[in-house]
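First the structure, in the form of structure tokens, and then the observations on it.
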Amino acid sequence: MTDLPTAGDSGWSDPDTLGAIPPVVAVTYCGHCGKSANKGNHVLCHEELAAHAPTFCTTCRRTLTVTTEGTTWTAVCKKHGETSGIVQEA
Ligand SMILES: [Zn+2]
Ligand SMILES: [Zn+2]
């Protein structure tokens, strides 16, 4: 018996998708600092985000257009639409 490499254990699928679609699709960004949510320390960012509107879209990292009305903020990503929340008074 020959010891052929098996194709079943790799994460790659069709060769024609290579280069077109990154293998990791679930990358999210920090809504406050815009850096990768998986890297670095975002403890302070999370505190900011709990109290204020985000600056960046967590999906595509576009800068959000933020409007605040009273204590409610609305952040709009051109691609991913609208998110809203409440401004927490410190
Ligand atoms: Zn951050
Ligand atoms: Zn977006």
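H32 - would you say it is surrounded by 10 or more Cβ atoms within 10 Å (Cβ to Cβ), modelled with pLDDT of 60 or more and part of a loop (DSSP other than H, G, I, E, B)? Yes; evaluated as a whole, the condition is true for this residue.
Counting the residues of the range 35-90 that are outside any loop (DSSP other than H, G, I, E, B), within 13 Å of ligand 2 (Cβ to nearest atom) and at negative phi gives 8. Every condition in (1) at pLDDT 95 or above; (2) within 16 Å of ligand 1 (Cβ to nearest atom); (3) loosely packed, with under 13 Cβ neighbours inside 10 Å is met by N38 except one, and the failing one is (1).
The values are calculated or read from the model by the stated rules, or taken from the named source; none is laboratory data. Because the structure is a prediction, the values reported are computed rather than measured. Methodologically, a virtual Cβ is constructed for each residue, glycine included, from the backbone with ideal geometry; neighbour enumeration extends over all protein chains shown.
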